[in-house]
Amino acid sequence: FTLSVRGSEGLYMVNGPPSFTESTAFQRDSGKNCKAVAFSKDGSLFAWCNGEKVNVVNVTSAELLCSFDLPKAVCLQFSPKNNVLATWQAYTTAKDGTAGAPNLQLHDVKTGKCLKSFIQKKMQNWCPCWADDESICARNVNNEVHFFENNNFNTIANKLHLQKVNDFVLSPGVQPTKVAVYVPGSKGAPSFVRLYQYPNFGGPQSALANKSFFKADKVTMLWNKKATAVLVIASTEVDKTGASYYGEQTLHYIATNGESAVVQLPKNGPIYDVVWNPNSVEFCAVYGFMPAKATVFNLKCDPVFDFGTGPRNAAYYSPHGHILVLAGFGNLRGQMEVWDVKNYKLISKPVASDSTYFAWCPDGEHIVTATCAPRLRVSNGYKIWHYTGSLLHNYEVPSNEEMWQVSWQPFLDGVFPAKAVKYQVVPSELPGAEPKPAQAYRPPALRNKPVTSSKLHEDEPPQNMKPQSGSSDKPLSKTALKNQRKHEAKKAAKQEAKADANQDSVQSSASQNAPRSVVPAVTSGDPEVDKKIKNLKKKLKAIEQLKEQAAAGKQLEKNQLEKIQKETALLQELEDLELGL
């Protein structure tokens, strides 16, 4: 498998591990004007635009399949079964203000002919979405979702018409296709996300599930691989409380069976990243003010494992879902934690500083991290790692050049079998990329004195959140839970009674400064009388406290004053009971 690299040095392919040499099959395109590249979903085709043409080649044979005269194309994408190549260029209107030419084209890859052109003004969500078998294709047009069937783009087979559909996502996997749609709230009405099964769009009753919420200026919808549930990250542009620059985020869970929930995150602050495990039954969220927390949740939205806190803002599951990488990129130092998901054990902690990009290789063994322009214009290059922490290949571009993009050649699921997780570091020719620890600034007055380490915050350690019931992991039935609670309540009551008895004996032994009439605890043998004596003592103690408060100048309530007046009567009653022993 290969890695495509695009930058000011041109566009070329690099062979993956173990050789890391430049691919001789793909002829390097040395032009400095390569705007866009795209692999097909199965990795067999590759398309790029070099500022003159859009070319499509077969990756293994490097044979040119077709090329299109589209010098201004800046976005390319193949349909899932490689039948269609979609291209987009910036929309321009004529000088006299008349509508411009259609700027979104759909081309037949086999014949090279243009199937359909549309006007698509915005670059965001420019590409139509296909179901995995290409039976349907959908695009958002003026707040409606238009559906085409079997790549026939001349007739709209179906429309999903809701007031102001802002965004939609088709479910992955086999038929029947499901659609998640987002409608932003207006005039005091909440925003909502609805799930439909194609083509049943007849009103709110036909929806599989519906979740409405306030506090949403934009949402991100994430289907799991099995298309049974969607995670919705709803975010506002501004945090009204002023706690965060990044606005406010909430995480919602919606299942196709109609269930929905708000995922309760135990730490306040932004939600940096949420990812589904490819097994579709767990997801990981990275959230909270720095140092951020990371937690794995199950489909009931209960926490399964908490990774504690650390410098991180992203999470990446391996293609087979057996390894999870938590990482801190962007304004963090590039620390990565590689975890074995099955046993929740830490495998390695490599550091890829200044990284702007991270991706798992489809083999589930290797990782690429890269520093690309325009995000960072210095030290551009890429590194290839093994997940056990060893750096296998490191390429830096010359100082006067830039790297813009790297991407692995994709493969369909099942091409690479899942392998057992290794802990032993894979040998490498290269030294580890351990960055030099930066010395903290010390003012001149402290420079010759011993270093005292002070932490701004204590990191929380990882902890397993699964219920640790030795007998069975099955959830208890309602009656079993009830009985368990009763049992626990009885136990607690017993312990309390024991503690009270001890407390009484301690109090009576230390009662020189207690009221004169309180005599050492003696039991009468009659539990009823004992109970009355205990209650009277309790009341007298409360009165004593109220008197102290009054002496300290506190204004007492009417009922509290009445209590104090009853003191003599209570003392008398207590004396009578104790004399009757």
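The values are calculated or read from the model by the stated rules, or taken from the named source; none is laboratory data. Source: prediction; values computed, not measured. Positions of Cβ are backbone-derived with ideal geometry, glycine not excepted, and every protein chain shown enters the neighbour counts. Ligands, DNA and RNA are stripped out before the accessible areas are found, and what is left, the full protein with its side chains, is counted by its heavy atoms. Shrake-Rupley method; radii C 1.70, N 1.55, O 1.52, S 1.80 Å.
Structure notes:
- Filter on K95/K121; K121/K225; K218/K240 - keep pairs with C-alpha separation over 25 Å: K121/K225
- Restricting the chymotrypsin sites (Phe, Trp or Tyr not before Pro) of segment 213-279 to loop positions (DSSP other than H, G, I, E, B) with no more than 10 neighbouring Cβ atoms within 10 Å leaves Y245.
- Principal-axis tilt of helix 567-579 within the chain, Cα atoms, nearest 10 degrees: 70
- Heavy atoms of T93 accessible to a 1.4 Å probe, total area in Å² rounded to 10: 90
- Electrostatic bookkeeping for A209 treats Lys and Arg as +1 and Asp and Glu as -1; over the other residues with beta carbon under 12 Å from its beta carbon, the sum is +2.
- The chain, accessible surface, carbon-and-sulfur percent (1.4 angstrom probe): 53
- FRET E, pair F416, T93, Förster distance 45 Å, beta-carbon r, rounded to 0.05: 0.40
- Contact order relative to length of the chain, as percent, for alpha carbon pairs under 8 angstrom and 6 or more apart: 7
- Segment 33-127 shape via C-alpha gyration tensor axes, a/c threshold 1.5: prolate
- Low-density loop cleavage sites - trypsin sites (Lys or Arg not before Pro) in segment 278-381, where at most 11 other Cβ are within 10 Å (DSSP): K300, K342, R377
- Label-point separation in nm, E22 to L222, each point 7 Å along Cα→Cβ: 3.8
- Calculated accessible area for segment 335-420 comes out at 45 Å² per residue, all protein chains present (probe 1.4 Å; ligands, DNA, RNA ignored).
- For N277, the amide hydrogen comes within under 5 Å of the amide hydrogens of E282, F283, C284, counting only partners 5 or more places away or on other chains and with H modelled in the peptide plane.
- Scanning residues 5 or more positions from A209 or on other chains, those with amide H under 5 Å from its amide H are L195, with H placed 1.01 Å from N in the peptide plane.
- D_trans [Stokes-Einstein, Kirkwood Rh over alpha-carbon pairs] for segment 263-415, 37 °C, 0.692 mPa s, µm² s⁻¹: 203
- For segment 295-398, GluC sites (Glu not before Pro) meeting the loop criterion (DSSP other than H, G, I, E, B) and having at most 16 other Cβ atoms within 10 Å: none.
- Neighbours of L324 by Cβ distance under 9 Å: Lys/Arg scored +1, Asp/Glu scored -1, total -2.
- Whole-number D in µm² s⁻¹ for the chain, Kirkwood Cα-pair radius fed into Stokes-Einstein, 10 °C, 1.306 mPa s: 54
- Local electrostatic count, Y253, Cβ distance below 15 Å [Lys/Arg +1, Asp/Glu -1]: +1
- FRET efficiency, V174 to I564 (Cβ-Cβ, R0 60 Å, nearest 0.05): 0.15
- Residue ranges 260-266, 418-424 sort as 260-266, 418-424 when ordered by packing (mean number of other C-beta atoms within 10 Å per residue, highest first).
- Annotation: amide H-H contacts under 5 Å for R312 (H modelled 1.01 Å from N, sequence separation of 5 or more, or interchain): A292.
- Highest-first arrangement of 113-126, 52-65, where packing means the average Cβ count within 10 Å: 52-65, 113-126
- Projecting label points 7 angstrom from Cα along Cα→Cβ for N268 and K541 puts them 3.7 nm apart.
- In sequence order, calculated HN-Hα J values of segment 321-330 (Karplus, 6.51, -1.76, 1.60; Hz; x Gly/Pro): x, 8, 10, 10, 10, 9, 9, x, 10, x
- Site pair D108 and V426 shows an inter-label distance of 4.3 nm when each label is modelled 7 Å from Cα along Cα→Cβ.
- Computed over the Cα atoms of segment 130-238, pair by distinct pair, the Kirkwood hydrodynamic radius stands at 14.3 angstrom.
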